[in-house]
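Only one structure is covered here, and it is reproduced in the block below.
The values are calculated or read from the model by the stated rules, or taken from the named source; none is laboratory data. Bear in mind that the values here come from a model prediction, so they are computed numbers and not experimental data. We place every Cβ from the backbone using ideal geometry, glycine too, and count neighbours over all the protein chains shown.
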């Protein structure tokens, strides 16, 4: 059987995912509603019922007439006609049940056009994201937010950028949200060896990821605690505005802050050179300035989807200009259940008009 092979191989900064090889067999038929196929068990059940009823009727006739007198006392009785009627009834049942499952074969190509927004999600992987002032920690909260956002998307293209002291494009713009979630699962603070929070570099990498063309249908969702900013984040935000990119920042953490777990020592918290405990605090003021520079929005991460609804539903989806993101041809299978409905009903009508007794010979 012929097969179509799809290769998807994207490497990232420090870890590489294996290529995905999916073998999809070419079939000549599709079943749309598989949940109706178990009803086909009614066919052997009806066969068993007819066999049992025929045997019981034959025994009753033999008891009443005697084995040798059936042809003389009931000359018009026909076992062949009885079996033929049963065959038509059973076959009609099979056709009607199979019609419920909506078989399809044959296809034509249909033009598919989608309208949406290009969205790059930039996730902070600095060590301060391990702080536990939100449960279970800032990084896990951020990853859950991204996963929830992916579930909300309505045909938009999405890409993924990871950053700390430097930034990398982990997943280019795609409509394959499952692939984005696969990359998301691998993101951790040890992915990027250069620590820090270089938001400016992350913004520049994200803008480059959109490409040269795209108009005003570009949104950057920046998820970070905004602490220890490096470079020139406001300058990068200005460049994003000129490129038609709006930044929507989600702050993860609390203003009071929390200590940063020390993974290297296997316990405890990070300290500075003087031995003082390092407290990581959410820098909301800096994130607000970055978002406002591009006409975007800043909001603090909260439990539930209120923050995502405000950013995606109310700001990105409802207010931003949508572009034609993908125009492609899709295989459209032809519905063929009508054939089986017609055949089933025709057999029922034929079975109804077939008499069980033979006609009298003149």
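How about segment 78-173: which strands (runs of 3 or more DSSP E) wholly inside it have at least 2 residues that are touching a strand residue (DSSP E or B) at 6+ places or on another chain (Cβ under 8 Å) and surrounded by 23 or more Cβ atoms within 10 Å (Cβ to Cβ)?
118-124, 157-163
With respect to residue 251, is the statement that it is in contact with a strand residue (DSSP E or B) (Cβ under 9 Å, 6 or more places away or on another chain), surrounded by fewer than 16 Cβ atoms within 10 Å (Cβ to Cβ) and at negative phi true?
No: the conditions fail for residue 251.
Results for (1) in contact with a strand residue (DSSP E or B) (Cβ under 7 Å, 6 or more places away or on another chain); (2) assigned by TED's automatic domain parsing to the domain that holds residue 231; (3) assigned to a helix (DSSP H, G or I), shown as yes or no for each residue.
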{"residue": "179", "(1), (2), (3)": "yes, yes, yes"}
{"residue": "190", "(1), (2), (3)": "no, yes, yes"}
{"residue": "195", "(1), (2), (3)": "no, yes, no"}
{"residue": "216", "(1), (2), (3)": "no, yes, no"}
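Against the definition (under 26 Å from the mean Cα position of the chain (by Cα) and in the same structural domain as residue 272 (by TED's automatic domain parsing)), how does residue 148 come out, yes or no?
Taking the combined requirement at face value, the residue satisfies it.
List the number of the failed condition for residue 235; all other conditions in (1) surrounded by 19 or more Cβ atoms within 10 Å (Cβ to Cβ); (2) assigned to a helix (DSSP H, G or I) hold.
Exception for residue 235: condition (1).
Could you tell me whether residue 311 is surrounded by 12 or more Cβ atoms within 10 Å (Cβ to Cβ), at pLDDT 90 or above and within 30 Å of residue 204 (Cα to Cα)?
So residue 311 passes the test.
Exactly one of (1) under 24 Å from the mean Cα position of the chain (by Cα); (2) surrounded by 21 or more Cβ atoms within 10 Å (Cβ to Cβ) is unmet by residue 202. Its number?
It fails just one condition, (1).
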